[in-house]
Amino acid sequence: MSPIPKRLSHIWIGPLNPPLEWMNSWRDKHPDWDYVLYDNAFLQSFPFKNRSLINEYFARGEYAGCADLIRYEVLLKFGGWVAEADSVCLNPVDELLTEDKVYGSYDKIDLDHSWLGISPFFAAAPGNPLIKDLVDRCSAYTPYHLKAPANTVGNRFLQTWLTKERRKQTVLFPSYMFIPWNKNHPGSRYEGPEKVYADQKWGTATGAYNKGESGMLPLGSVEIAQRRKKLLDDLSAPVLEAKPVAKWSGVLKGLKQDMFYRRSEEDLQNVLQQTATEKDGKLQLTGLLKYSNNPRKPLSDASMNAPRHALMADLADQLCDAQKIFISDASYGFATLIALFASPDAQITIASTVLQSENKDKTKTAIETYFAEQFPDRVTLMPKKEVQSRGFRKGKTPFDLLVLNGPNELGMLRGLQYRFASPMRIVLASPDINGSANFVRQHRVNGMYRRSYFHQSYRQRAGAVHHFEVVAPVS
């Protein structure tokens, strides 16, 4: 008798309605099996070991990655057979489960004797040691590590993770038994004499979900967005009240009265004038800090775009007490300059493109060089490629404040994880209001967001400042 329990299940998470006709075909072919649906309620309540990774994929809308990670953990805990929601069962699988092994399938027909992926496993007994190793391997990831699901937790990952020794603990069926045709080779459907147990519908890859197929009730985009927002809110970690902090009001205004700060502003302006592109006799200065008249006069006398002035004033207030600051991009240098003077004792590291041979941005090169030469005891340039390569290890001095100029900085954070002081504060100052809000929400969902210090959004295109605390991922 097989040690694998007769426990049939599906995983269906996310805002869409489930493909009930496809899913019910499995129940019809296995009338004497118990049936369980692992749904959104289960997603929210089960104590997953890899909760942060599951939530991260959910926040990204990559539900396949969520489902793969959930599959491994429910197989470890409950065992049984976890069927694909976008497949139709043609024959019962009882006769296949003859050994105490992990069961799976190759995921495409070997037409050209090339690479074969392995579909996320179907079946195992509770507590199977190979599944436990798999769950533990995934737990070595942090949310910042996660790439496309297939490469990190799915079929491509399994192809490399399953070493020769590990494969001895598995039964891998030929693809035709459960995937008799491949989406990339629609004309290659298996027509041989061997028994086929399921027909794969490729719901995600072909866009079959939410089209009224398989008994699904299609949803409009507004309802999908509303459902998704509700699910994300339910998954978001509670935000702790901000620690009592001093209110630093008017820091930027005070700096404007400082002779040395004003002189540095003028120096920075001269650097920009020498390198910036001219158009119709005016400097084209855009980005985090934008002046309304693109001036050719000292920055201290320039007419600043009012909402951006508010953004930079609030940013200055958030930098006062930091001692070890990492700035993701020097941009036009204004945030770096403010950090130097708002926190006079701070050591600042800038993710730099100057040290990369392919850098062709003359303005950015000049700005970074200016800071490195004028403030050699306080400013360090670090190649961006080095940051993004995850090359940092123990023994390095951690940063206590990370300043991001935009929400698309996950690659930077992935590289910095080894230098995090945990907990660590992040200041996100960006002209992208929606992107900034999504960035913050993603950290709340994956569980790294702990405490909010400051949040202010300005009018559209004027940006937002978020100051919050995260717990560093552990790898």
**Complete:** Relative contact order as a percentage, region 62-207, C-alpha pairs under 8 Å and 6+ apart, gives 33
**Spacing of the two label points (7 Å from each Cα toward its C-beta) at residue 205 and residue 188, in nm** = 1.0
**Prompt:** What residue among 143, 74, 98 has its Cα farthest toward the positive end of the dipole of region 44-169, where the charges are +1 on Lys, Arg and -1 on Asp, Glu, each on the Cβ?
**Reply:** 143
**Asked** For labels at residue 98 and residue 32 in the simple 7 Å Cα→Cβ model, what's the distance in nm?
**Response** 1.8
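What order, most packed first, do the peptides 255-265, 141-151 have when packing is the mean number of other Cβ atoms within 10 Å of each residue? It would help to have the intermediate numbers written out before the result.
Values: 255-265: 14.8, 141-151: 18.5.
Highest-to-lowest ranking by the protection proxy: 141-151, 255-265.
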**Request:** Average the reciprocal distances over every distinct pair of alpha-carbons in region 1-137, invert the result, and give the Kirkwood radius in Å.
**Result:** 15.7
**Asked** For 11, 433, what's the fewest-to-most ordering of other Cβ within 10 Å of each Cβ?
**Response** 433, 11
**Request:** Would you mind working out the magnitude of the charge dipole of region 1-154 relative to its Cα centre, with +1 at each Lys and Arg C-beta and -1 at each Asp and Glu C-beta, to the nearest 20 Debye?
**Result:** 520
**Complete:** If R0 = 25 Å, then residue 456 and residue 229, at their Cβ-Cβ distance, give a FRET efficiency to the nearest 0.05 of 0.70
**For region 83-180, size of Cβ-based charge dipole, Lys and Arg +1, Asp and Glu -1, in debye** = 460
**Request:** State the extension gain, in nm to one decimal, for the chain segment bounded by residue 267 and residue 362, taking 0.36 nm per residue of separation less the distance between their alpha-carbons.
**Result:** 32.6 nm
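Read-outs throughout are calculated quantities, based only on the coordinates presented, and are distinct from any laboratory measurement. These numbers come from a predicted model, not from an experiment. Please note: Cβ atoms are built from the backbone with ideal geometry, for glycine as well, and neighbour counts cover all protein chains shown.
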